[in-house]
Amino acid sequence: MADVDIYLDHAASTPMTPAALARYSEVAAQYFGNPSGLHRQSRQAKAILEDARERCAQQLGRDPSEVVFTSGGTEGDNFAVLCPVLPPQARILSTRVEHHGVLEPLRSRTNVSWIEVDRNGVIDVERLEHDLAALGDQVGLMVVMAVNNETGVVSDLSSIADLRRRYAPQALLFSDAVQGAPWLDLEKSLSEVDLATLSAHKFGGPRGVGIVLRRRGVETLPLLRGGGQEFELRSGSQNVAGIASAVLALEERCALRDQNNLRVEALQSRLESGLVDIDSSIEIVGRLAPRVPGITNSVVEGIANEEAIFLADEQGLALSGGASCASGALEPSHVLKAMGYSDAAGRSCLRWSLGVTTTVAEIDRALEIIEGVIRSLRGGRS
């Protein structure tokens with residue numbers, strides 16, 4: 001088989017759909033006015049913006065007033081952690097497997113307690129119930145991501161919302177749903193969530209556009225101050241072309257979700273079976289947990305993931321490992337560590353992220369490449 005570029009890092013981003021790209025170009029060329037102005041070009045841009053807001057709300061089962069457009073998932077995560085108005089000394093409950101866009105702003109919050117997960121990355125519901133029963137009205141915010149970005153494990157937000165209702169009804173529930181957007185029924189999954197974040201480049205929209213869902217009645221301060229755009233919550237001139245194309249991509253993805261899920265589930269099964277066939281010691285992280293079909297995390301003993309990623313990339317295969325810092329170097333995965341894995345395992349994990357454009361031929365070629373990479377790193381041993 002001829003060498004081809006195989007982009008199996010769709011958890012990082014996915015290509016813009018042709019329709020979304022065309023929409024971006026159209027709006028950028030024809031509706032370039034600032035939507036905050038009063039003249040005709042501004043009014044035209046404002047109409048495009050508000051039409052996108054209404055269509056986005058319809059897809060997510062929300063009122064348009066609950067849709068706030070941002071620059072992406074990290075900004076949204078910062079907003080959802082830092083901006084809710086909480087009672088003095090209110091306690092925040094969060095998992096340790098959250099994205100760094102959540103964990104880093106949590107550092108500036110006080111009274112943070114941690115929700116434990118098991119070896120499969122699943123929240124210990126009994127432990128959480130015990131904690132909520134003990135803390136009661138002290139809890140102001142609960143933070144649980146919908147889908148983990150490193151493992152693809154899906155959180156049972158319905159059960160967590162039920163516990164919140166029973167023991168801490170005053171608490172807000174925030175979910176980073178960035179990785180869930182391509183795969184989950186978002187209207188259903190986020191129905192009981194007060195705050196949620198999405199990022200357009202995960203579902204075929206442009207990079208640099210995000211969505212925050214903020215339920216009506218949730219009191220928040222603005223993250224960015226200035227002109228008072230986005231209901232005075234996120235000042236700054238809106239990226240109208242990006243927003244319009246992002247919402248179109250969201251509509252496309254939601255319409256094809258079930259069809260895409262079935263096809264990618266088959267590809268994921270082929271990939272994971274192939275990895276275990278290469279080496280039975282390869283562990284599929286979260287194998288026993290509910291997962292989305294687009295993310296597989298494998299622990300490959302005896303290799304360094306940074307070296308494996310480099311060697312695979314030389315042959316056209318794009319993979320990822322743990323969390324990257326600003327320099328691009330890999331740290332041991334904080335997610336795997338929270339799940340009970342060792343630092344050594346966290347340095348030997350490879351994340352395979354499948355998208356709607358992935359093919360059977362790419363999976364088979366990727367398995368050929370990684371088998372050679374593993375053999376090379378182990379000095380010829382399979």
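Between the stretch 186-207 and the stretch 57-131, how many Å separate their Cα centres? Comparing the Cα centres of the stretch 186-207 and the stretch 57-131, I get a distance of 14 Å. Using 19 Å as the cut-off for backbone N distance, which residues of the stretch 234-259 belong to the label zone defined by a point 7 Å from the Cα of ALA19 along Cα→Cβ? Only 241-259 fall inside the zone, counting backbone N under 19 Å. Taking amide hydrogens as placed 1.01 Å from N in the peptide plane, the amide H of ASN239 sits under 5 Å from that of no residue at least 5 positions away in sequence or on another chain.
Note on the chain: with a GNM built from Cα contacts shorter than 10 Å, the maximum mean-square fluctuation among LEU184, LEU172, LEU38 falls on LEU38. Bridging of LYS188 to lysines at a Cα separation below 16 Å is possible for none of them, once same-chain residues fewer than 8 apart are set aside.
Of all segments of the chain bounded by trypsin sites (Lys or Arg not before Pro) found in a DSSP loop with no more than 10 other C-beta atoms within 10 Å, the longest spans 217-380. The stretch 137-184 and the stretch 247-292 have Cα centres lying 22 Å from one another. Full extension of the chain segment joining LEU135 with ASP277 gains 46.4 nm, where the gain is 0.36 nm per residue of separation less the Cα-Cα distance.
Computed from label points 7 Å out along Cα-Cβ, the spacing between GLU306 and LEU256 is 3.8 nm. Projecting the Cα atoms of HIS99, VAL139, VAL193 onto the dipole axis of the stretch 70-193, where Lys and Arg carry +1 and Asp and Glu carry -1 at the beta carbon, places VAL139 farthest toward the positive end.
Over the chain, DSSP H runs of length four or greater, each weighted -39,500 (n - 2.57), average out per residue to a 222 nm ellipticity of -12500 deg cm²/dmol. Using the Cβ-Cβ distance between GLU368 and ARG287 with R0 = 22 Å, the FRET efficiency computed as 1/(1 + (r/R0)^6) comes to roughly 0.45.
Among ALA304, ALA196, ALA29, the largest mean-square fluctuation in a Gaussian network model of the chain (Cα springs under 10 Å) belongs to ALA29. Charge dipole of the stretch 237-354 (Cα centre as origin; +1 on each Lys and Arg Cβ, -1 on each Asp and Glu Cβ, all else neutral): 420 debye, rounded to the nearest 20. Assuming charge only on the beta carbon of Lys and Arg (+1) and of Asp and Glu (-1), the dipole of the chain about its Cα centre is about 980 debye to the nearest 20. Net length available on complete extension from GLN170 to ASN120 is 15.0 nm, with 0.36 nm assigned per residue and the Cα-Cα distance removed. When the chain is treated as a GNM with alpha-carbon contacts under 10 Å, the residue of PRO35, PRO18, PRO332 showing the greatest mean-square fluctuation is PRO18. Between amide H atoms placed 1.01 Å from N, distances below 5 Å from VAL285 occur with ASN297, SER298, VAL299, all of them 5 or more places distant or on a separate chain. Amide H contacts for LEU317 (H built 1.01 Å from N in the peptide plane; partners 5 or more residues away or on another chain; cut-off under 5 Å): ILE6. The aspartates and glutamates whose alpha-carbon is closer than 18 Å to the alpha-carbon of LYS202, local same-chain residues fewer than 8 away aside, are ASP9, GLU75, ASP77, GLU98, GLU150, ASP176, ASP185, GLU187, GLU251, GLU252, ASP258, GLU265. If I compute semi-axes √(5λ) of the Cα gyration tensor in Å from the structure I just sent, which labelled value in [x] 35, 28, 17; [y] 44, 24, 21; [z] 35, 23, 20 lines up? Working out semi-axes √(5λ) of the Cα gyration tensor in Å from the coordinates points to [x].
Quick note: the coordinates plus some simple rules give every number you see, no bench work behind them. This structure is a prediction, so every number in the text was calculated from the model and none was measured. Reconstructed Cβ throughout: ideal geometry from the backbone, glycine too, with neighbour counts over all protein chains shown.
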